[in-house]
Amino acid sequence: MKEHSNLIVLAGGASSRMKKQVSPEKGLSAEDIKQANERSKGLIAVGNEGRPMMDYVLYNAKLSGYTHIYIVIGEQGDLFRKFYGNKDRDNEFHGLKISFAIQYIPEGRVKPFGTADAVFQALEQFPELNSASYTVCNSDNLYSVEALTALRKTHSPNAFIGYDRDAMLFPMERISRFALAKLDTDGHLLDIIEKPSENEVERYRDASGKLRVSMNAFTFDGAMMYPYIKNCPVHPERNEKELPTALLNMLKDHPGSAIGIPFSEHVPDLTAKEDILEVKEYLRKNYPKLDWESA
């Protein structure tokens, strides 16, 4: 597969965990709490001069060689346009071309229909992606330049970053909820197991003895994945259409066409209010300044 330059960033979710109440002693300011309750997670000001998490996702994307960014926003996503441009397509932002896809909520639902639906709506609004390859990632995770570059340059038609579970700097209670990826000895994806029991966990170590988890960072062959994203079934418990389901359905027809790229590193995550101060401190230490000109 040729290198590509397309990145879909998922930012249209309901952020329900972020909006849950938090005890006052957590050290958050009134403004932190207000933004957490009202903004998409990717727009919460965690960086220098009140800049949002999305800046850092885009900065690492630019350093990784992506040029065309498609941000999937909700129907009330006007604030994204204030930060990144008013046009629907090809806004210029520090050398990146930023386009917006809107994830519409179907009639009868109160929140979006999940990650596979978000990507499907982006593909419908920007059909050129179906004859190209593209990477998909979250707006509330800060993936490293190395991980994003690996996805952009992979030779496999489809891929995801398989993170070493033991390298994650989250509490074990949180890590234990992450889905595990089952890989063959050559690193091809065989299955994704949600909420594995402690007894099951040991069976899913990879060839190097590591447990691999997905943090929703994928590369897809547009033509190969389209029908599976379009026809993704609804998860029976969560009532959403989810990308791992679409990927596993594709693998039934195209076995061996997706690999797990092994990485051992932490991924800063902005899921709940409790994460805000940790992410702020991480960015202060590791990204004291975003040097867009030399990126």
Open item on the list: How charged is the neighbourhood of Y134? Take every other residue with its Cβ under 11 Å from the Cβ of Y134, and add Lys/Arg as +1 and Asp/Glu as -1.
Closed with: -1
- [ ] Note down the Stokes-Einstein diffusion coefficient of the range 45-182 in µm²/s, whole number, using a Kirkwood radius over alpha carbon pairs, 20 °C, and 1.002 mPa s.
- [x] 128 µm²/s
Open item on the list: Explain nothing, just compute: Karplus ³J(HN,Hα) = 6.51 cos²θ - 1.76 cosθ + 1.60, θ = phi - 60°, for every residue of the range 216-232 in order, whole Hz, x for Gly and Pro.
Closed with: 6, 10, 10, 10, 10, 7, x, 5, 5, 7, 3, x, 7, 5, 4, 9, 4
Open item on the list: Can you compute the charge dipole magnitude of the range 6-288 about its Cα centre, using +1 on each Lys and Arg Cβ and -1 on each Asp and Glu Cβ, nothing else charged? Give it in debye, rounded to the nearest 20.
Closed with: 380 debye
TODO: Specify, per residue and in Å³, the volume enclosed by the convex hull of the alpha carbon atoms belonging to the range 157-272.
DONE: 118 Å³
Open item on the list: What does the charge count around F263 come to, taking other residues whose C-beta lies under 13 Å from its C-beta (Lys +1, Arg +1, Asp -1, Glu -1)?
Closed with: -2
Task: Exposure rule at most 15 other beta-carbon atoms within 10 Å, DSSP loop trypsin sites (Lys or Arg not before Pro): the chain longest free segment - done: 110-176
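Let me know the volume per residue of the alpha-carbon convex hull for the range 252-295, in Å³.
Numbers: hull volume 7.8 nm³, N = 44.
Cα-based convex hull of the range 252-295, divided per residue, equals 177 Å³.
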Task: Assigned charges on the beta-carbon of Lys, Arg, Asp, Glu; the range 214-295 dipole about Cα centre (debye) - done: 120 debye
Task: Estimated vicinal HN-Hα couplings, Hz - the range 155-163 in sequence order (Karplus 6.51, -1.76, 1.60; Gly, Pro = x) - done: 8, 7, x, 9, 7, 9, 7, x, 7
Open item on the list: Working only with C-alpha atoms, what are the Rg and Dmax values of the chain, expressed in angstrom?
Closed with: 18.3, 52
TODO: Write down the Å³ per residue value for the convex hull defined by the alpha carbon atoms of the range 23-95.
DONE: 111 Å³
Task: J(HN,Hα) series, the range 71-79, from Karplus relation 6.51 cos²θ - 1.76 cosθ + 1.60, nearest Hz, glycine and proline x - done: 9, 8, 10, x, 5, 9, x, 4, 5
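From Cα pairs below 8 angstrom and at least 6 apart in sequence, can you work out the relative contact order of the chain, rounded to a whole percent? Walk me through the numbers on the way to the answer.
Details: 559 pairs, mean separation 72.1, N = 295.
Relative contact order of the chain: 24 percent.
For each pair in K19/K280; K41/K111; K111/K241; K2/K241; K97/K289; K97/K273, compute the distance between the two Cα atoms and list the pairs where it is over 20 Å. Numbers along the way, then the final one.
Values: K19/K280 18 Å; K41/K111 15 Å; K111/K241 12 Å; K2/K241 29 Å; K97/K289 22 Å; K97/K273 31 Å.
From K19/K280; K41/K111; K111/K241; K2/K241; K97/K289; K97/K273, over 20 Å: K2/K241; K97/K289; K97/K273.
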TODO: Would you compute, from DSSP H runs of 4+ residues alone, the mean residue ellipticity of the chain at 222 nm, taking -39500 (n - 2.57) per run and dividing by the full residue count, rounded to the nearest 500?
DONE: -8000 deg cm²/dmol
- [ ] Once you've got the GNM for the chain with C-alpha springs shorter than 10 Å, pick whichever of E242, E124, E200 has the biggest mean-square fluctuation.
- [x] E200
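Any read-out appearing in this document is the output of simple, stated calculations on the displayed coordinates, not a laboratory observation. Please read these numbers as outputs of a predicted model, since none were measured by experiment. Backbone-built Cβ (ideal geometry, glycine too); neighbour counts: all protein chains shown.
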